[in-house]
Structure formats: C-alpha cells, structure tokens
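So the structure is just underneath, and the comments pick up after that.
Quick note: the coordinates plus some simple rules give every number you see, no bench work behind them. Keep in mind the model is a prediction, meaning the values are calculated, not measured. With ideal geometry, Cβ positions are generated from the backbone for all residues, glycine too; neighbour counts draw on all protein chains shown.
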Amino acid sequence: MTKTLAEEFTIQDDFPPVGYEQWRSLVEESLQGVPFEKKLVTHTYEGFDVQPLYSLRDAIGDSDPFGFPGLAPFVRGAQPLGAVTTGWVLRQEHAHPDVVATNQAILDDLKGGVTSLLLRFDAAACQGYDPDQAEATKLVGHQGIMAYCVDDLDATLANVDLASVGIALDASAAFLPAAAMLVGLWQRYEVSPADARGAFNADPLAVLARKGQLPMSASAALASLADLAKWTARSYPNVTAVGVDTSPYHDAGATAAQDIAISMATGVEYLRAMTSAELDIDSAARQILFRIGLGTHHFLAIAKLRAARKLWSRVIEASGGAPDSGAMRIHARTSNRVLTQRDPYVNLLRNTVAAFAAGVGGAEAITSVPFDAMTGLPSDFSRRVARNTVLVLREEAHLHRVIDPAGGSWFLDQLTEQLAEKAWQDFQEIERQGGMLIAVQNGWITRQIDAAYAPRAKDIARRKEGITGVSEFPNILEERVAQAPLDPPALRSAAIARLSATREENEGLDEAAMTANQTATLVGAAIAGATIGQMARELEFHQAPTTPISPLEPRSFAEPFEELRDASDAWQAKHGQRPRVFLANMGPVAHHTARATYSKNFFEAGGFEVIGNDGFGDAASAALAFVASKASIAVICSSDKLYPEFVPQVAAKLKTVGARCVVLAGAPGDNTSAWQAAGVDRFIFMKCDVLETLRELLQEEGVLA
C-alpha cells in the first residue's frame with residue numbers, strides 16, 4: 001500500500017515541547033545534589049548571573065525593544081545594512097620609529113587588503129617636542145613614529161593614495177599639531193575635503209588617565225578639542241576630530257560595564273566642550289569616534305558593543321539631538337590586557353575571538369593585532385597574519401553578509417540589557433562626582449577600577465581564570481620571538497637631519513601668532529613647514545600643565561606569571577640551568593598521572609624545570625631519583641587512595657636525602673597536621689593561590705629577591 005507524505009512536516013508529535021521547569025527538574029536530578037546555581041550558573045565580574053539555558057521566557061519585553069538595524073537605539077547596528085555592502089574598515093596600526101620602515105609596512109598592508117591606517121606618533125611628538133630639543137632625548141622613537149612635520153608625514157605615507165585610504169592619528173596630547181600636519185599633507189596632494197577620510201582622535205582625558213598629566217591645563221585641552229571639532233565639522237565632512245578611547249581604563253582592569261560608563265561620561269564631557277564652543281549637538285555627536293578594546297570573553301564583548309550603542313543613543317536623545325545623531329561609530333581593537341608575551345602564537349586565537357566579536361557586535365572599523373605585539377614591534381609575518389585574520393572572517397566566512405548576526409539571541413539580548421543597566425548606573429555615578437574630568441582627577445575612577453579588578457586578579461592568581469600558554473599549559477622550552485634590532489641614536493640623528501632640511505627650506509617661517517581659530521592657524525603653519533615643536537610652543541605646551549595625578553596602571557593578565565618566567569630566564573642565563581622541581585610519582589601510572597600533569601603545569605608556569613618519571617613503588621627509589629635530579633624541591637604525586645600509605649614514608653625519606661621543600665599535590669583534608677609532621681612543607685591543589693606559592697618558592701630558591 002502506497003503512503004503519501006503529509007503536506008506539512010512536523011516533529012512535534014514525536015518530540016513534544018519541554019517546559020523550562022521540566023528541563024530544570026531533570027538537570028537537578030542528574031546533578032545528584034550539587035546545587036544548580038553552583039554547577040551551571042556562571043558569574044561575571046559585573047555581578048551578572050549567566051544561565052546555562054535561555055529560551056522565549058527570557059525575551060526582553062513583549063515586542064522587540066532593540067528595534068531595527070540603523071534605527072534608534074542602534075543596538076542592532078548603526079547602519080540599516082550593517083557591513084553587508086562594504087565590509088568592515090580594516091584599520092591597522094603603525095608605530096615603527098623609522099618613517100622609511102613604516103612606509104614599507106604600510107604599503108605591504110595596503111597591498112594585503114588593509115583599507116585604513118592608524119599612525120601612532122612617538123613619545124617626543126606626543127609631548128610636543130621636536131627631536132633636537134633637550135627634553136626629547138629619552139622620548140625620541142619611543143612607542144611610535146618619528147614624524148614631526150608634514151615632510152615626515154609625507155615620507156611615512158609615500159605612494160599611498162590619500163583620497164581612498166582613511167588615516168587615523170594617535171598623537172596623545174599633541175592631537176592639534178598632528179591634525180594640522182595631516183591636513184597639510186591632504187592639501188599638498190590636493191585631496192578634496194569630500195574625499196579625505198580619517199580620525200584626528202583628540203582625547204585629552206584618555207591622555208590624562210594614562211599619563212597622569214597633560215602639557216597644558218585641562219580647560220585649554222578641551223578648548224583645543226572643541227576648536228578642532230568646529231573646524232573639522234565645517235571643513236572635512238568625512239573626518240572625525242574627537243576620539244573616546246577606553247583602552248587606558250580597560251587595560252587597567254575595568255569591567256565591561258565600567259568601560260561603557262566611562263565612554264559615555266567622556267563623550268558627555270566632550271559634548272559639553274563642543275556645544276559650549278557653539279557647535280550644535282548633532283554636529284558635535286558626529287565628531288566623535290569611540291575606540292573600544294575587546295577581550296576574549298566572546299559573548300560579553302559582543303554585548304558590550306551593543307549596550308554601548310544603546311546608551312549613546314540615550315545620551316544624544318537626552319541632550320536634545322536628532323535620533324540619527326545617536327548612531328555611535330565604533331573602532332574596535334583586541335585589548336592589550338589579554339595578549340601575552342609568552343607563547344605569543346596563542347595570541348592568534350585571542351585576536352581572532354576579539355575580531356569575530358567586533359564584527360558580530362557591529363563595529364565599523366576593526367584593528368587586528370599582530371600576535372607579537374606585546375614583545376615589541378611586529379614583524380612582516382605577524383602583520384600579514386593579523387590582517388588576514390579579518391580577511392578570512394570577511395572573505396571566507398562571510399561574517400559581514402548577515403545584518404546583525406547577534407539579533408534574536410535571548411542570551412545576548414539579556415546580557416546586553418544587563419550591561420546597559422549597570423553601565424548607566426555607573427555613568428550616573430560619574431556624573432554625580434562632577435563629570436569625567438573631576439572623577440579622573442580626584443582618583444575616583446582609579447579606585448573603582450582597582451576594586452573591580454581585585455576579584456579578577458585573585459582568580460588569575462588561582463588559575464580559576466587561566467591564561468593558555470602562561471598559567472595553563474606553559475611551554476618552558478619555547479623560543480622567544482626574534483625582534484629586529486633598532487639603533488635609536490641613528491634614528492634620532494636621521495630625524496634631526498630631516499628636520500634641519502625642512503627648516504632650511506622654510507627659513508623665513510615665523511612662528512605665527514595664534515589667532516582665535518587655533519586649528520586654522522596651525523594648518524597654515526604646518527603647510528608652511530612648521531614642526532610639532534613649533535606648533536606646541538604656540539599652543540603654550542608645558543607652560544601651565546595640569547597638576548600631576550597617579551596614572552592608571554596597565555594590567556596585562558599574564559604579566560604576574562610572565563615576571564616569574566623572566567626571573568627564571570635570568571637565573572638560567574647566570575647559572576646555566578633553571579630552578580628544578582622533582583616529581584615523586586608514587587604507585588601505578590593510573591594513580592599519579594593526573595596530579596603529576598597538574599604539578600608539571602603548576603611549576604612550569606613559574607619557570608621551574610620539572611623532572612618527571614614513570615613512578616616509583618617505594619620511598620627509597622623515589623629518594624634515589626630525587627638526589628640524581630639535583631633538585632631541591634620534591635612534589636609527591638599519587639591518588640587519595642594511596643596517600644595514607646606513601647606520604648609519611650616518602651616525605652620523611654625525601655627530607656633525609658636533602659629535599660629543602662616537600663610539596664604534596666592534592667588537598668590534605670583532615671591529614672594536614674599528620675603529613676606536615678611527616679615532612680610535607682606545602683600543599684598544592686585546585687583553587688590554591690598558585691601565583692603566591694610560586695613566588696615564595698622562587699624566593700626560597702634565590703631566583704626572586
């Protein structure tokens with residue numbers, strides 16, 4: 001008999017819907033008494049509970065409160081089509097001190113698919129000094145490009161099509177002279193205002209937070225920012241003057257909610273400065289580009305961008321701006337705090353996670369960070385891999401072809417809403433402090449970030465929050481990434497020679513008296529050949545600087561463990577070997593393997609050489625092997641079942657043959673006193689303070705002072 005298929009295919013009869021309570025009951029039964037909240041609910045540093053399952057019951061409201069892409073509150077993206085038609089702007093950073101080397105790297109990047117550049121100026125230029133000034137001696141070539149005039153910028157960007165490549169600047173306190181130089185270069189090559197694309201990134205509050213001081217008063221810095229914004233809004237429609245960079249706070253340990261709140265408070269501070277200078281609110285809002293660092297907590301990073309857009313839309317609405325003026329523009333970058341110096345190739349994965357989150361979260365511009373960025377200047381290879389990371393996401397994964405790929409996720413919607421609510425509360429508290437400037441100056445921001453970072457630091461120390469390749473699964477034999485050597489004196493001499501030639505060509509240049517329009521004056525001076533130092537003097541840099549404050553301390557998550565590895569390397573270089581740990585593996589392999597593996601990772605995270613073996617059947621054999629290892633620390637590894645038999649004998653024997661420190665792998669429980677009496681000095685186990693234990697042992701070995 002022939003059967004016909006039903007017109008509608010349904011599996012509901014075979015698999016009826018299961019309600020949340022029924023599912024929860026089954027889960028709790030399988031947990032066998034372990035609390036559901038303890039086993040399956042994750043807690044964030046913002047204080048949120050992340051559930052193991054989200055369903056329609058977790059939907060935000062009866063209708064979609066996040067609206068449509070391209071419409072307020074812009075949670076689902078600032079543009080109606082997102083990045084579907086154009087892809088993301090791939091904005092790569094350049095900070096090599098040599099303008100020739102930087103130019104070659106830039107041309108390689110552009111040939112490889114990069115569409116925008118961010119130029120970071122060196123510490124001398126950022127402070128408003130020319131390379132031949134005495135104050136610049138220790139700053140020249142440090143952390144950036146040695147570009148001090150339009151000619152230097154021209155050499156840096158030689159053979160770059162300035163009409164099609166966006167140029168963003170990072171010049172710290174010297175944002176106005178640097179902007180004048182870039183405009184001077186655009187005008188030199190007759191790039192029309194409509195074709196010029198870029199970001200001047202004036203962000204004095206970020207400089208104050210990061211450096212602890214500005215070379216001018218805060219009010220003067222905000223006035224310069226407002227002046228630049230007014231001029232830019234009038235002159236260059238596709239360029240932004242103002243940046244809100246949260247990296248000083250993010251890298252110091254801020255939570256995602258704090259990060260958003262600080263960006264809102266900084267943006268509001270800048271809006272006030274611009275509107276006080278008679279720029280209307282809509283024009284002022286369009287002058288701001290937000291630069292946001294993303295870590296490796298993938299979903300949190302996506303929700304962070306979505307929540308930030310929601311709150312900025314609310315800020316502009318409350319300020320009386322038009323709805324479309326609240327479309328936040330975001331430049332996202334992998335944050336330094338999650339990157340490592342050790343086992344740097346793992347950074348490829350960290351960067352991929354962050355870049356993926358940036359794309360899904362709706363960032364307009366993405367910076368893909370080279371895997372060796374934390375060890376020094378990136379190589380040609382690491383830059384190539386960095387840009388290809390985003391290109392694979394775009395050209396092969398087609399991630400940008402979906403409008404708001406995070407839309408409709410009950411989990412991400414919930415997390416976005418929670419972040420937005422918490423960040424808004426934090427933002428209001430900053431406003432109660434008197435605004436972002438006052439909150440930075442009186443140390444309130446620092447205290448809040450320090451308090452928020454404390455539990456994370458504890459989790460890192462205990463390896464509850466592991467760092468792959470550093471605190472977890474370290475490679476003690478890894479070879480460090482080679483860095484191309486630099487010759488700072490030669491680079492400085494070359495920069496001074498270039499500047500001397502520029503000054504000779506412009507011998508008649510007088511340092512122009514500053515008019516009411518600072519930007520217009522400096523643009524004219526830059527075109528005529530003025531240097532950053534000359535323009536900074538016209539702006540009265542260093543004559544009335546801000547009162548110094550304690551700068552925010554950047555915190556790399558891996559740094560505490562990497563410091564131990566550095567000390568071990570130095571010890572090896574001096575003594576020919578690393579401090580050693582011997583594993584006294586007792587009993588059959590099945591009994592000691594788990595704790596032996598745990599102990600190996602534990603001690604290698606601190607730079608110890610770990611001497612392993614296949615196990616011993618008695619204390620005498622273990623003691624004999626320990627002596628041969630020439631270690632001074634021994635770790636007893638076996639199972640709880642065998643410990644009562646082995647620990648008293650093995651610990652005592654190891655002490656007898658010269659073990660300075662006997663460690664037991666595993667929590668001792670009720671046996672603490674008895675095993676300490678037998679000779680055990682320390683216990684290592686899950687949730688113990690790994691970092692402090694390693695520090696103390698390295699101090700006892702003489703490796704750390």
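Computing FRET efficiency as 1/(1 + (r/R0)^6) for residue 26 and residue 597, where r is the C-beta to C-beta distance and R0 is 22 Å, gives about 0.05. Dividing the summed -39500 (n - 2.57) terms of all DSSP H runs of n ≥ 4 by the residue count of the chain sets its mean residue ellipticity at 222 nm at -14000 deg cm²/dmol.
Modelled spin-label separation between residue 278 and residue 493, with each label point placed 7 Å from Cα along the Cα-to-Cβ direction: 5.3 nm. Each Cα pair under 8 Å and six or more residues apart adds its separation to the average, and for the chain the resulting relative contact order is 14 percent. Cross-link reach is defined here as a Cα-Cα straight distance under 17 Å, omitting same-chain residues fewer than 8 places apart; for residue 304 the lysines meeting it are 422.
Taking amide H as placed 1.01 Å from N in the peptide plane, residue 241 has its amide H under 5 Å from the amide H of 200, each at least 5 places away in sequence or on another chain. Residue 220 sits among other residues whose Cβ lies under 11 Å from its own Cβ, and their net charge, with Lys and Arg +1 and Asp and Glu -1, is -2.
A Förster radius of 56 Å, combined with the Cβ-Cβ distance separating residue 543 from residue 402, puts the computed FRET efficiency at roughly 0.55. Across the range 224-236, coupling constants 3J(HN,Hα) worked out from phi with the 6.51/-1.76/1.60 Karplus curve, θ = phi - 60°, read 5, 4, 5, 5, 5, 5, 4, 5, 5, 4, 7, 9, 10 Hz, and Gly and Pro carry x.
Here the calculated FRET efficiency for residue 486 and residue 158, from their Cβ-Cβ distance with R0 = 25 Å, stands at 0.75, rounded to the nearest 0.05.
In this simple spin-label model, placing a label point 7 Å from the Cα along the Cα-to-Cβ direction at both residue 235 and residue 39 gives a separation of 6.6 nm. For residue 79, the amide hydrogen comes within under 5 Å of the amide hydrogens of 70, counting only partners 5 or more places away or on other chains and with H modelled in the peptide plane.
Footprinting exposure proxy ranking of 274, 686, fewest other C-beta atoms within 10 angstrom first, gives 686, 274.
What you get for the chain, charging only the Cβ of Lys and Arg (+1) and of Asp and Glu (-1), is a dipole of about 1280 debye around the Cα centre.
Each residue of the range 290-306 was assigned a 3J(HN,Hα) from its phi angle through the Karplus expression (A = 6.51, B = -1.76, C = 1.60, θ = phi - 60°), giving 8, 10, 10, x, 10, x, 9, 7, 3, 5, 5, 5, 5, 5, 4, 5, 5 Hz with x at Gly and Pro.
Axis angle, to the nearest 10 degrees, between helix 380-391 and the longest C-alpha principal axis of the chain: 90 degrees. In order along the range 605-613, phi translates into HN-Hα couplings of 4, x, x, 7, 7, 9, 9, x, 5 Hz, rounded to whole numbers, per the Karplus curve 6.51 cos²θ - 1.76 cosθ + 1.60 with θ = phi - 60° and x for Gly and Pro. Cβ crowding within 10 Å, taken as a proxy for footprinting-reagent exposure, orders 661, 126, 688 from fewest neighbours to most as 688, 661, 126. Labels on offer are (1) 27.9, 80; (2) 32.0, 111; (3) 29.3, 103, and the one holding Rg and Dmax of the Cα atoms in Å computed from this structure is (3). With the simple spin-label model, which puts each label point 7 Å out from Cα in the Cβ direction, the residue 51 to residue 468 separation comes to 2.9 nm. Placing a label point 7 Å from the Cα of residue 187 along the Cα-to-Cβ direction, the residues of the range 109-152 whose backbone N falls under 15 Å of that point are 150-151.
Scanning the chain for GluC sites (Glu not before Pro) lying in DSSP loops with no more than 13 further Cβ atoms inside 10 Å, the longest uninterrupted stretch between such sites is 279-477.
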